[in-house]
Amino acid sequence: MDQDDERDEAIVEAKIAGTSTRALAKQYGCTSRDIERMIDAKLDYELDNRQRLRLVKVSTERILSLMKPFYEKAVKDKDVAAGTLCCKLEERLSLLLGTDAPTNQRIDVYQVEAQQQPTQYERIRDAIMRVVNEAPPAQRAVIKKMEELGPEKVLELINAGNGQAPDGQVTGTEEPDRSK
């Protein structure tokens with residue numbers, strides 16, 4: 001390897017390690033474009049779909065192997081920091097694999113609240129039941145028995161005697177006696 005190749009290797013390694021292009025250009029006395037050309041020349045491979053898939057697979061395996069000890073620590077020792085790191089690794093994995101749900105989804109809170117409100121029928125029924133439950137025990141027992149028997153049976157029992165309710169009104173479908 002000649003001296004230029006060694007310098008180019010050092011530049012690529014420094015770039016991979018996180019050194020900025022501008023800092024490398026200053027350190028090696030060349031332009032940012034020269035640094036970028038050296039990097040392109042040293043990292044001379046096609047980034048096609050096969051290469052992308054390969055890189056995704058490698059990254060997936062790295063994330064999974066990184067997560068294993070921290071997940072065990074989070075579960076066994078109840079370590080919050082390890083659990084947080086696992087969540088972040090899961091987020092990265094979901095993003096990498098495209099399984100992350102779009103972040104622009106939202107829930108219409110007003111619609112959810114409207115569905116949770118009782119209907120007008122339920123509010124009226126609840127009001128009636130409050131009145132019924134506040135009635136004296138004997139009246140509640142009569143109402144309960146009427147619900148058990150049903151309206152036809154109640155009318156039949158009331159009309160079994162003289163055809164009139166105790167208050168003198170005619171019940172059921174009979175015509176009132178107007179001869180009196």
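Laboratory data are not the source of any read-out in this text; all were calculated from the coordinates shown. Everything numeric in this text was worked out from a predicted model, so none of it was measured. No Cβ is skipped: glycine too gets one built from the backbone with ideal geometry, and neighbour counts run over all protein chains shown.
Numerical summary
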quantity: Cα-centred dipole magnitude for segment 3-42, charges only on beta-carbon of K, R (+1) and D, E (-1), debye, nearest 20; calculated: 300
quantity: Those lysines that a straight Cα-Cα span of less than 22 Å connects to K78, excepting residues fewer than 8 apart in one chain; calculated: K68, K88
